C-alpha cells in the first residue's frame, strides 16, 4: 500500500543507515584510539581486568625503581669495602715492616694513623640516598640492622603482597658509634693482646721480645679484620647479583603484563581498517537507498495528473 503519511521503505532505509553510521563511529573511535576496549561500556569484564593489570604494572615500575636504588646502595657499600680491604692491606704491610729491628715505629705509626683516619672517612662517606650501611649508630631512634629493598609486587585475587630483599648490616658494618661492634672498631684479641684496628698504636713499642709479640698480635688482628671485610664484600656481592636477577625478572614481567593488556583492549588495525572500508560502502548504499525511498512519495503525485 502506498501512503502519504507513512513511508515504510524510507523508515527501513533510515534505520539501516543509522545502524551503519553507529557502527562506523565505533570503528573510527577504535582506529583513532588504537583500542577496542577504551571504556567500561565497550566490554566491562575486559576493561576491569585491563585496568587492574595496568595498575599492577605501574606498581611493578616502582618496584623496578626501588631495585635500582637498592643496587646503587649496594654498589656504594661494595666500593667502600674494596677500598677498606686495600687500606687494611697497607696497614698490615706496615706492621710487618715494623717487625724489622731498628725500624722507627713512631714514623710507621704516623703512616698507620693516616690510614686509620682514611678508613673512618671511607665508611662515613659511603652514603647513598641518605643510607649508610657501613658507619652506623645502633642506638639511634628507628635503627634497624636489617635493610630491606622492595623487590616484588604480586596479586592473588584481591590480596596484594610486597616482597623484599633483606640485608643484615650487622655483619657488614665497619663502625658502630654506639657499641664499637663494627669490623674496624670492635675489640679483637690475638694471644694476650686486645685492641681495635681503628686505634691500635705501635709508637711506644720497642724491639723487645714482648713488644715484638704484641706487634705480631697486631698483624693477626688486622689480618682477621681483612678476612671479615672480604666476607662482608662477598655477602654484598651476592646481594647485588640477586638484585640484578630480580630486576631482569621484573622487567620481563612488566613486558608480559603489557602484552596481556594489549591482547585484551588493543584494536586489530588491519581488521578495523577493512571494516571501515566496508562500512563506508554500506553508508553510501544506505544514503542511496534512503534517497530512492523518499522519491516514492513524489511518484504518487503523478497518479493525479
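Principal-axis analysis of the Cα atoms of the chain puts helix 44-98 at an angle of about 20° to the longest axis. Take the Cβ-Cβ distance between residue 90 and residue 170 as r, set R0 to 25 Å, and report the resulting FRET efficiency rounded to the nearest 0.05. The value I calculate is 0.40. Relative to the dominant Cα principal axis of the chain, helix 105-124 is inclined by about 20°. Where in the range 82-105 does the label zone of residue 203 land, with the point 7 angstrom along Cα→C-beta and an amide N cut-off under 16 Å? Inside the label zone: 104-105. Expressed per residue, the C-alpha convex hull volume of the range 44-265 stands at 118 Å³.
Highest mobility in the GNM of the chain, judged by mean-square fluctuation with C-alpha springs under 10 Å and restricted to 283, 131, 246, is found for 283. Based on Cα contacts under 8 Å between residues 6+ apart, the chain shows a relative contact order of 31 percent. Peptide packing: for 110-122, 70-82, the average count of neighbouring Cβ atoms within 10 Å per residue gives the ranking 70-82, 110-122, highest mean first. Label sites at residue 100 and residue 69, each approximated as a point 7 angstrom past Cα along Cα to Cβ, lie 5.2 nm apart. Computed from the Cβ-Cβ distance with R0 of 35 Å, the FRET efficiency linking residue 216 to residue 145 stands at 0.55.
For residue 31 and residue 45 in the same chain, what is the full-extension length gain: residue separation times 0.36 nm, less their Cα-Cα distance, in nm?
Length difference between fully extended and current span is 2.9 nm.
Taking the chain as a Gaussian network of alpha-carbon nodes connected by springs under 10 Å, the highest mean-square fluctuation of the residues 240, 275, 173 belongs to 275. Label 7 Å along Cα→Cβ of residue 231; the range 155-172 residues with amide nitrogen under 18 Å? Once the point is set 7 Å along Cα→Cβ of residue 231, 167-172 turn out to lie under 18 Å by backbone N, inside the range 155-172.
Note on residue 125 and residue 161: their simple-model spin labels are 4.3 nm apart, each label 7 Å out from Cα toward Cβ. Which distance in Å, rounded to a whole number, links the C-alpha centroids of the range 30-64 and the range 67-146? Taking the Cα centre of each part, the range 30-64 and the range 67-146 sit 50 Å apart.
Take the Cβ atoms of residue 274 and residue 299, set R0 to 45 Å, and the FRET efficiency comes out at 0.75.
Each reported figure results from applying straightforward, stated rules to the coordinates on display, with no laboratory input. Source: prediction; values computed, not measured. Cβ atoms come from the backbone with ideal geometry, glycine included; neighbour counts cover every protein chain shown.
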